[in-house]
Amino acid sequence: MPDLTAQTRELSRLVAEVPAEALGRPTPCPDYDVAGLLAHLHGLSIAFADAARKVDGPTTRTAPDPAAVTLPADWRTALPAALDALAAAWLRPDATEGTTVAGGIEMPAEEMAVVVTDELVLHGWDLAVATGLPYTPDTEALETAFGMCSSIPDDPQARAGLFGPVVPVPEDAPLLDRTLGAAGRDPRWTP
């Protein structure tokens, strides 16, 4: 069973430190500014927690839509609470059993655990770099994300809707940079 607790705590720390004036800043995700990214993180936390609990409904069957996300007014408390619930849901003994759904995609629950880990690692970096905050992803979560990102061929069809083209990064670069490059993000990105 994946333990997302350390990674979700790092994200909650970032959420607490996001400057209010940063909400309109761009992020490495072209569809989201900082407010949109926070709203996306809130929604995916709920959806993936429901996926761990095998809830089949609107939270899991609806694909993410950047135009439809809204940041709750109480985001500084709602998002950390959703992240805590997400980590707790994936610690359930049955979380990685069978199949589950998130974002309208059905897959084995063990694979879904890898996907949510990747989402948390990458979007944590997105949020940190967009707001100028330091970021230290959980080592185990980062290794999981790297495994997923580096396993996807650098082929537009294989990466469609998931990642952009691979960004070359030196082999001796830090694991976070190599993960970002494998996901199609430029580790040197700035707002």
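The figures follow:
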{"item": "³J(HN,Hα), Karplus 6.51/-1.76/1.60, whole Hz, each residue of region 75-87, x for Gly, Pro", "result": "4, 5, 9, 5, 5, x, 5, 5, 5, 4, 5, 4, 4"}
{"item": "Mean separation of Cα contacts under 8 Å, 6 or more apart, over the residue count of region 27-75: relative contact order %", "result": "46"}
{"item": "Packing rank of 7-18, 167-178, where each peptide gets the mean count of other beta carbons within 10 Å, highest leading", "result": "7-18, 167-178"}
{"item": "Average accessible surface area per residue within region 64-103, 1.4 Å rolling probe, Å²", "result": "49"}
{"item": "Karplus 3J(HN,Hα) series, Hz, for region 149-162 with 6.51 cos²θ - 1.76 cosθ + 1.60 (x for Gly, Pro)", "result": "4, 6, 8, 8, x, 7, 10, x, 5, 5, 9, 4, x, 10"}
{"item": "Relative contact order (percent, whole number), the chain, Cα cutoff 8 Å, 6+ residue spacing", "result": "25"}
{"item": "Extended-chain gain in nm, criterion 0.36 nm per residue less alpha-carbon gap, GLU21 and ALA88", "result": "21.0 nm"}
{"item": "Relative contact order [Cα under 8 Å, 6+ residues apart], region 35-111, whole percent", "result": "42"}
{"item": "Inter-label distance, nm, simple model (7 Å from Cα along the C-beta direction), SER150/GLU106", "result": "3.3"}
{"item": "Other-chain or far-sequence residues with amide H under 5 Å of LEU4's (modelled H)", "result": "none"}
{"item": "Label-zone membership for region 142-163, site ALA63, 7 angstrom Cα→C-beta point, backbone N under 11 Å", "result": "161-162"}
{"item": "Sulfur and carbon atoms: percent of accessible area, region 3-81 [1.4 Å]", "result": "58"}
{"item": "Cα-based shape type of the chain, given that a ≥ b ≥ c are square roots of the gyration tensor eigenvalues and the cut on a/c is 1.5", "result": "rounded"}
{"item": "Cβ-based charge dipole, region 1-158, positive-most Cα from ALA141, GLY124, VAL69", "result": "VAL69"}
{"item": "Mean Cβ count within 10 Å, highest first, over the residues of peptides 67-74, 21-28, 45-52", "result": "45-52, 21-28, 67-74"}
{"item": "Within the chain: Cβ-based charge dipole about Cα centre, in debye rounded to nearest 20 (Lys, Arg +1; Asp, Glu -1)", "result": "400"}
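The values are calculated or read from the model by the stated rules, or taken from the named source; none is laboratory data. If you're wondering where the values come from, they're calculated on a predicted model, not measured in any experiment. Reconstructed Cβ throughout: ideal geometry from the backbone, glycine too, with neighbour counts over all protein chains shown. Surface areas here come from the heavy atoms of the whole protein model, side chains and all, with no ligands, DNA or RNA. Shrake-Rupley method; radii C 1.70, N 1.55, O 1.52, S 1.80 Å.
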